[in-house]
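Take a look at the structure set out below.
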Amino acid sequence: MNLSPAFHHLRAAYQAEMDDLSFDSEGKDVLRQRLADKRKSLDFLLQMTEVAPEMVAVVFHQAFRFLEPGVMNQVVSGELDECPDWDEISASVQIAPWAQDMADTFLQQADGQRFMTVAAALAYLYDRPDGRAPLASDEDGDEEDHDRDDHGDEDLPPEERDDDEDARARDEAGADWLAEQGFDRKD
């Protein structure tokens, strides 16, 4: 699988967002609580789908089941402006019943088709069995892309599920995002 530069950047930013949501300042796992709170502010999130899709896509954490991983491999190998509409890939992605109303709300938005595809792609990259997507092409192709139902890595502390390269990528993505928001970079 090839990961496009756009999805490489978004994957790192999505991972950083998930890490931020996962633990409070005392190190307690608060992911479920924070996701529930975020899902309650859907009106605000709808406004952010174009500018920060990775920050919004987390509301669909554990909502997707990937029936045809090869389709998602194609999506993440392309650039964002090449993303297929949700209608084009929806047959290969199953949405959990609890998330269907939320998905319908996003799909009613002007950029909802693209956002749902991006959200599914980010969830796909996050849920890969090794917790991250390779940055180069896999010679094994789709054989190693299996849907995982246990999602057990969310219970692991970030330092156990990430390597140094992923941590640096997330730090860089976070710094880029803060700079885009007008904050000075920490160097």
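Details
- Every condition in (1) at pLDDT below 95; (2) not in a loop (DSSP other than H, G, I, E, B) is met by GLU26 except one, and the failing one is (2).
- Tabulated pairs, the stretch 78-98, first touching a residue at least 12 places away in the same chain (Cβ under 8 Å) and over 14 Å from ALA120 (Cβ atoms), second assigned to a helix (DSSP H, G or I) and of a type in the set (A, V, I, L, M), C-beta under 7 angstrom, 6+ apart or interchain: GLU79/ALA6
- For LEU42, the criteria (1) over 25 Å from ASN2 (Cβ atoms); (2) in contact with a strand residue (DSSP E or B) (Cβ under 7 Å, 6 or more places away or on another chain) hold in every case but one, which is (2).
- Selection within the stretch 19-61 - among the aromatic types (Phe, Trp, Tyr) and over 20 Å from TYR126 (Cα atoms): PHE44
- One residue stands out in the stretch 98-128 among those that are surrounded by 12 or more Cβ atoms within 10 Å (Cβ to Cβ) and in a loop (DSSP other than H, G, I, E, B): the one that is modelled with the lowest pLDDT, namely ARG128.
- All conditions but one from (1) assigned to a helix (DSSP H, G or I); (2) of a type outside the set (Lys, Arg); (3) more than 23 Å from ASP176 (Cβ to Cβ) apply to GLN94; the one that does not is (1).
- Candidate set: the stretch 29-58, residues that are in a helix (DSSP H, G or I) and free of Cβ contacts under 8 Å to residues at least 12 places away in the same chain; chosen: the one surrounded by the fewest Cβ atoms within 10 Å (Cβ to Cβ): ASP43
The values are calculated or read from the model by the stated rules, or taken from the named source; none is laboratory data. Because the structure is predicted, anything quoted here is derived from the model rather than measured. Neighbour counts are summed over all protein chains in view; Cβ atoms, including those assigned to glycine, are modelled from backbone coordinates with ideal geometry.
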